[in-house]
Amino acid sequence: MSWQAQVDPGWSLECWRNLARQAWEAQLAPEQVNWEQPQQGSLLPGTSVAQASAVRSGLNVPAAFMDMAGRVVCHRDPGRHALLYRLLWRIGQGERGLLQRALDADVHRLRGLEKSVGRDLHKMKAFVRFRPLPGQDNTYAAWFEPEHYILDRIAPFFLRRFAGMRWSIHTPYRSVVWDGQALWWGEGGDREAVPAEDAGEKLWQAYYANTFNPARLNTRMMRQEMPQKYWHLLPETHLLPELVRTAGSRVQAMAERAHEPARRRIPARRTSNTAD
């Protein structure tokens, strides 16, 4: 018999955990549970895991596993839910040290998915750019295109960082709004929901161009730390082709420039007028 477990939304750790617990308590082996999301209009055979009868209890897994699961469930890999349940099943069956076995195929895949989500979280923290909304005081919006379903996981970071202003973040699959009191969630949108540019970006571009050091240019490292798939989201990257093209001549000009001693004015030593 095939049992169906549908995690909705797909990035919800709580939903996955509840279904996984129900499947484990019903002693449903990993190969008995179908975790794939049904396509619209399709009829997948099987009964929902939620209807399975519990025959055991007392599942206890390491905290490290649930911490990793919280990130992996945000990955776009359609097989992530099944992978997590397979690992949970093995741990529950007695493989308590499973996560320390780096050469295990399931563990290796788990860590790869976790690492990918971690990179995505890091890039979103670094590359989100808020823009003021016209006619709305202290209200900002940002557009970002994450690789994975990370908005719910990362929103608390932006809440802590920008608690004093009202803001919204829009992605292709989901959006979130902070109104100063609570977070509100909505459907995904498009880039037109965010202003194209503002006066502050011109100032930022001028600052970026003037602090760009051509002598330290390393295009390989630059693309590693700032992948080109994010360039269309960042105002400063519009300047990069010209800055990279002229880097050689600017370094030569810096080398040929005559040395100028530091202009530091040392105040004269104050003498005491106090009588002996």
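The values are calculated or read from the model by the stated rules, or taken from the named source; none is laboratory data. Everything quoted here is computed from the prediction, not taken from an experiment. Every residue, glycine as well, gets a Cβ built from its backbone with ideal geometry; the counts of neighbours run over all protein chains shown.
Select from the range 129-155 the residues that are within 18 Å of Asp190 (Cα to Cα) and free of Cβ contacts under 8 Å to residues at least 60 places away in the same chain and list them in ascending order.
Phe130, Tyr140, Ala141, Ala142, Pro146, Leu151
Here is a yes/no grid of residues against (1) in the same structural domain as Val33 (by TED's automatic domain parsing); (2) touching a His at 6+ places or on another chain (Cβ under 6 Å); (3) touching a residue at least 40 places away in the same chain (Cβ under 8 Å); (4) assigned to a helix (DSSP H, G or I):
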| site | (1), (2), (3), (4) |
| --- | --- |
| Ala54 | yes, no, no, no |
| Val61 | yes, no, no, no |
| Ala64 | yes, no, no, yes |
| His81 | yes, no, yes, yes |
| Leu87 | yes, no, no, yes |
| Ile91 | yes, no, no, yes |
| Gly94 | yes, no, no, no |
| Leu110 | yes, no, yes, yes |
| Leu113 | yes, yes, yes, yes |
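What number of residues within the range 115-140 satisfy the criterion of being exposed (fewer than 12 other Cβ atoms within 10 Å of the Cβ) and in a loop (DSSP other than H, G, I, E, B)?
The number of residues fulfilling the criteria is 5.
Tally up the residues in the range 141-183 that are assigned to a helix (DSSP H, G or I) and not basic (Lys, Arg), please.
Residues in the range 141-183 being assigned to a helix (DSSP H, G or I) and not basic (Lys, Arg): 8 in total.
Does the range 6-40 hold any residues that are in contact (Cβ under 8 Å) with a residue 12 or more places away in the chain, among the hydrophobic types (A, V, I, L, M, F, W, C) and in a helix (DSSP H, G or I), and which are they?
Leu13, Trp16, Leu19, Ala20, Ala23, Trp24, listed by residue number.
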